[in-house]
Amino acid sequence: TTSLTPVYKTGILNGFPAVRFEKTNGRLRRNSFTGFPTSQITAIYVNSNTENSDGVLSYASSANNNDFLLFSSNNLRFYRGNSNIPSGVSFNDGSFHITNASRNSSGGSVEIWKDGSRDFTGTLSSGTSITAGGTLAIAGEQDSVDGNYDASQAHFGDFTEIIIFNTVLN
């Protein structure tokens, strides 16, 4: 809907465009995402923002409202199932950063990279897989499949690129 749609801006980063999220609860989403990664995932995105408790990438499925979630740009947190882990890595200084967040269900290993530097490693929900067929929301944090978006968790900022892989990249 137009009330949720981000704005396409030209010439934002090195002469290239960005998608700007500047509306309360604005977001892009993909429903019935049957090809969403289930056992290994790497999410890479280029973003600029000044947010704190925001939902950056949110995936909810029939099995779990937060099957995969990256949120809180001031201390990026990785959420999987019913557990989350704070990284201590901040991305909310108003500058563009390249974020790389990955997780392997076998062993639950998690890594967060900022601008090419691995700044965090940890373990989260070892042995659990993400359920395919849910909804991916960009710039919004959903607490049910494409629902229960909280305006206080909306992400305001610019995305120039988002790539999601079904493997852990080294």
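Observations on the model:
- For a modelled paramagnetic label at Asn75, 7 Å from Cα along Cα-to-Cβ, the residues of region 92-133 in reach, with backbone nitrogen under 20 Å, are 92-94, 100-102, 110-114, 119-125.
- Region 105-111 - phi-based ³J(HN,Hα) in whole Hz, Karplus 6.51/-1.76/1.60, Gly and Pro as x: 4, 6, x, x, 5, 10, 9
- Cα-based convex hull volume of region 30-87 per residue, rounded to whole Å³: 103
- Among Ile12, Phe96, Thr167 - extreme Cα towards positive end, dipole of the chain, charges at beta-carbon: Thr167
- Of the listed residues Leu124, Leu169, the order by accessible area with a 1.4 Å probe, largest first, is Leu169, Leu124.
- The alpha carbons of region 118-170 give a radius of gyration and a Dmax of 14.1, 35 Å, in that order.
- Normalised per residue, the accessible area of region 1-132 is 45 Å², obtained with a 1.4 Å probe and no contribution from ligands, DNA or RNA.
- Measuring max minus min along each principal axis, the C-alpha atoms of region 58-156 give extents of 34, 34, 18 Å (largest first).
- Backbone geometry of region 116-132 corresponds, through the Karplus equation with coefficients 6.51, -1.76 and 1.60 at θ = phi - 60°, to 3J(HN,Hα) couplings of x, 10, 6, 9, 7, 9, x, 10, 8, 6, 4, x, 9, 10, 7, 8, 6 Hz, x marking Gly and Pro.
- In this structure the amide hydrogen of Ile98, modeled in the peptide plane, comes within under 5 Å of the amide hydrogens of Asp115, none closer than 5 places in sequence on its chain.
- Near Gly134: Cβ cut-off under 15 Å, other residues only, Lys/Arg at +1 and Asp/Glu at -1. The net charge is 0.
- Most mobile of Asn104, Asn65, Asn148 in a GNM of the chain (Cα contacts under 10 Å): Asn148
- Residues whose placed amide H lies under 5 Å from that of Phe78, excluding near-sequence neighbours: Ile85, Ser87
- Each 5 Å bin from zero holds the following percent of Cα-Cα pairs in the chain: 2, 9, 19, 23, 22, 16, 7, 2, 0.
- As a fraction of the 1.4 Å probe accessible area of region 1-54, surface on carbon and sulfur atoms comes out at 49 percent.
- Carbon plus sulfur fraction of accessible area for region 74-170, probe 1.4 Å, in percent: 43
- Note, ³J(HN,Hα) from phi for region 90-95, Karplus 6.51, -1.76, 1.60, rounded to Hz, x at Gly and Pro: 9, 10, 10, 9, x, 9
The values are calculated or read from the model by the stated rules, or taken from the named source; none is laboratory data. Keep in mind the model is a prediction, meaning the values are calculated, not measured. Because the Cβ atoms are built from the backbone with ideal geometry, glycine has one as well, and the counts that use them run over all protein chains shown. Quick note on the areas: whole protein, heavy atoms, side chains included, nothing else; ligands and nucleic acids left out. Shrake-Rupley method; radii C 1.70, N 1.55, O 1.52, S 1.80 Å.
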